[in-house]
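> Quick one: the structure is below, and I'll ask about it shortly.
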Amino acid sequence: MSIVITFGTYDLFHIGHHNILNRAKNYGDKLVVGISTDALNYKKKQKYPVYCESERKTIVSSIKYVDEVFLEESLEQKREYIIKYKADILIMGNDWEGKFDELNDICKVIYLPRTENISTTKIKQDIKNL
Ligand code: CTP
């Protein structure tokens, strides 16, 4: 059985999130998703997500092609998470192209193209402009 792992915030769950998770699942038998914690988001962007980590985790775990979900506490722990969840493949959006190539020694690293013209940031901006 091959295991795929991927990571993200998945705030205001949208079609781009659906597309990458759906495509990621096609690369293996089991899909594990690391949801970045509220604290990690704050550290990265000095902003909290709209939906808190437990809500984002509940939403992502309810998706039929997602098999397991955990909270990602730190960006630097990707190697540990890959080992812990016995992942064979790491999938990232191509906004991260090349950034995780050093993990190729323990799993296959694949970058998938992002869905065009949508992001959580854009949704927040569009709502502001209504
Ligand atoms: N993603 C995607 N296509 C999009 C938006 C996101 O494929 N249009 C992917 C990202 O590449 C990542 C995952 O979805 O692998 C989670 O991304 P996340 O950062 O949570 O979503 P964004 O909408 O990009 O959020 P933000 O605008 O806050 O960066």
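> Whole number in Å², please: accessible area per residue of the chain, 1.4 Å probe, ligands, DNA and RNA not counted.
Heavy-atom SASA per residue in the chain reads 57 Å².
> For segment 1-48, which chymotrypsin sites (Phe, Trp or Tyr not before Pro) are in a loop by DSSP, counting at most 12 other Cβ atoms within 10 Å? Please list the in-between numbers first.
Numbers: sites: Phe7, Tyr10, Phe13, Tyr27, Tyr42; in loops: Tyr10, Phe13, Tyr27.
Counting only loop positions with at most 12 other Cβ atoms within 10 Å, none of the chymotrypsin sites (Phe, Trp or Tyr not before Pro) in segment 1-48 qualifies.
> Something else now. Order Glu68, Glu76, Glu55, Glu116, most accessible first, counting only protein heavy atoms with a 1.4 angstrom probe.
In descending accessible area the options line up as Glu116, Glu76, Glu55, Glu68.
> Sort Met1, Met92 from largest to smallest accessible area, using a 1.4 Å probe on the heavy atoms of the protein chains.
Heavy-atom accessible area, descending, gives Met1, Met92.
> Here is a further query. What FRET efficiency would be calculated for the residue pair Lys124, Asp29, taking the C-beta separation as r and a Förster radius of 22 Å, to the nearest 0.05?
Between Lys124 and Asp29 the formula returns 0.05.
> Still on this structure, please answer the following. For the chain, what value does the Rg/Rh ratio take when both radii are computed over Cα atoms and Rh is the Kirkwood radius, given to two decimals?
Working: Rg = 14.3 Å, Rh = 15.0 Å.
Value, to two decimals: 0.95.
> Roll a 1.4 angstrom probe over the protein heavy atoms and tell me the percent of accessible area of the chain that is carbon or sulfur.
Roughly 51 percent of what the probe reaches on the chain is carbon or sulfur.
> Also: Past 23 Å, Cα to Cα: identify those pairs from Lys43/Lys124; Lys64/Lys124; Lys99/Lys124; Lys45/Lys108, in the order given.
Long pairs (Cα-Cα over 23 Å): Lys64/Lys124; Lys99/Lys124; Lys45/Lys108.
> Okay, moving on. Please report the net charge: other residues with Cβ closer than 15 Å to the Cβ of Cys107, K and R +1, D and E -1.
Combined, the nearby Lys, Arg, Asp and Glu give +1.
> For the chain, what does the relative contact order come out to in percent, with C-alpha contacts under 8 Å and a separation of six or more?
Relative contact order for the chain comes out at 31 percent.
The values are calculated or read from the model by the stated rules, or taken from the named source; none is laboratory data. These numbers were taken from a predicted model, which means no experiment stands behind them. Positions of Cβ are generated from backbone atoms using ideal geometry, with glycine treated the same way; all protein chains shown enter the neighbour counts. Quick note on the areas: whole protein, heavy atoms, side chains included, nothing else; ligands and nucleic acids left out. Shrake-Rupley method; radii C 1.70, N 1.55, O 1.52, S 1.80 Å.
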